[in-house]
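Structure first, then comments.
The values are calculated or read from the model by the stated rules, or taken from the named source; none is laboratory data. Please read all numbers here as calculations on a predicted model, not as lab measurements. Here the Cβ positions follow ideal geometry from the backbone for every residue, glycine too, while neighbour counts run over all protein chains shown.
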Amino acid sequence: MKIRYLMVSLALAAVSGLASAAPLAVSEEERQLLGIQVEAVTLLENAGTGSITMRVGFSPDAEWVIKTPFSGVLHRALVQQGDRVKAGDPLVVIRSPEFVALQRDYLKAGAELRMAEAASKRDQRLGEAGSISDRRRQETRYQYDSARADFAGLEGQLAMAGFDAAALKKLAAEAVISPDLVLTAPADAVVLDRQALLGTQLDGSEPLVSLGEPDKLVLNGVLSRSAAERLREGMRIHSEASACGAVIVFVSSVIDPLSQTVTIRAVPDSSENLSPGQLMEWQMLSEDRVLLVPSAAVVRLNDEDVVYVAVAGGFEARSVTVRSTSGGAWIVLDGLQDGDRIATRGTAALKGMSLGMGGGDA
């Protein structure tokens, strides 16, 4: 009853002749009765200017699909989904007749290369001594170059199968041919999937193991066209949940015709506390110092956005230019200064008092 009496008294006082631009006279007791709270606004650095939901994913160079370069049978599987592997760790073993044939051909090509090289060197010496014709020298040189090309091609095929220099040297020295091709991890990674089952006949095109590097993550999200217009590459975002920051690296210039949204991509500062596939809320941070006020502090009055600034003995309705952050706050672009004290609660009562003074809300 006391609050109703207070509101009626203030309205009657307004009708008695106070101009609409005059400050609203509100005592400390009346503030408390109307639930009006006052806070000082300050310029904030790295203030949250809006939120965006981003999905954590692997960067384009961090996902791997392991396939066998030869036909064969999946003989052994050494990993399963969720396993962490190091670069060089074995993943699967393929038993392949093609792999056997390749090793055999490599050893034969090595022997033929050595013979062709010896013949080329011999004919080089004989040619310099005038004992053989130039044609003979050219023929043996051609045979040597051809043998070298064949050997290099087979060596390249074995390299594609995972043979490094040490493995090639061991094969050439020991001439021990194995039917089992071991496919290894190309990097430190997490096993995302293992598709084939033991005994599966493979023709070389089937994906066997999928890997992702957990230290190479990106964030992907979408924003409305109007919200995306305020973003640019290099701006920062922050997640309270993961205590992690990120930098925007891509703002698409292509608008999805159905959703009218724009794709945003960011790179996190750290992969700690982030999991691929995770949906997270991120705050877009201002690059400059901004005035941020609670959304409840801004009211619509006479076709204008207004805040109530505390003055001696009451409040002054002041027009402001604001922009929504979609996060429960407004950025004040014009109309307030650092240090101004404004009403952040109880603004509905102050608006009612303003209307009682003869204003109108369009």
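Residue 92 meets the conditions (1) under 30 Å from residue 235 (Cβ atoms); (2) buried (at least 17 other Cβ atoms within 10 Å of the Cβ); (3) of a type in the set (Val, Ile, Thr) in every case but one. The failed one is (1). A search for C-beta distances below 7 Å between a residue of the range 29-45 that is of a type in the set (Asp, Glu) and any residue that is at pLDDT below 90 and part of a loop (DSSP other than H, G, I, E, B), counting only pairs 6+ apart in sequence or on different chains, returns 45/289. Restricting the search to strands (runs of 3 or more DSSP E) fully inside the range 27-95 and requiring at least 3 residues that are under 27 Å from residue 291 (Cα atoms) and touching a Gly at 6+ places or on another chain (Cβ under 7 Å) gives 48-58. Among residues of the range 339-361 being in contact with a Ser or Thr (Cβ under 9 Å, 6 or more places away or on another chain) and closer than 17 Å to residue 309 by Cβ, the one that is modelled with the lowest pLDDT is 359.
Remark: pairs (first residue in the range 150-178, free of Cβ contacts under 8 Å to residues at least 60 places away in the same chain; second residue of a type in the set (A, V, I, L, M, F, W, C); Cβ separation under 6 Å; 6+ apart in sequence or on different chains) = 150/109; 151/109; 151/113; 154/109. Beta carbons closer than 6 Å, at least 6 apart along the sequence or on distinct chains, pair a first residue in the range 93-115 that is assigned by TED's automatic domain parsing to the domain that holds residue 160 and of a type in the set (Gly, Ala, Ser) with a second that is surrounded by 16 or more Cβ atoms within 10 Å (Cβ to Cβ) and not in a helix (DSSP H, G or I) for 96/70; 96/72; 96/181. Pairs linking a residue in the range 130-145 that is over 14 Å from residue 114 (Cα atoms) to a residue that is in a helix (DSSP H, G or I) and of a type in the set (Asp, Glu), with Cβ atoms under 7 Å and 6 or more positions apart or on different chains, are 132/123; 136/123; 137/123. With the structure loaded, tell me whether residue 146 is modelled with pLDDT of 95 or more, on the phi < 0 side of the Ramachandran plot and hydroxyl-bearing (Ser, Thr, Tyr) or whether it fails that test. Criteria met by residue 146.
Taken across the range 278-291, residues that are assigned to a loop (DSSP other than H, G, I, E, B), touching a residue at least 12 places away in the same chain (Cβ under 8 Å), loosely packed, with under 14 Cβ neighbours inside 10 Å and of a type in the set (Lys, Arg) do occur, with at least one present.
Scanning the range 286-319 for residues that are among the charged types (D, E, K, R) and closer than 17 Å to residue 40 by Cβ turns up 289, 316, 318. A single entry from 124, 138, 80 fulfils the requirement of being touching a helix residue (DSSP H, G or I) at 6+ places or on another chain (Cβ under 7 Å) and at pLDDT below 95: 124.
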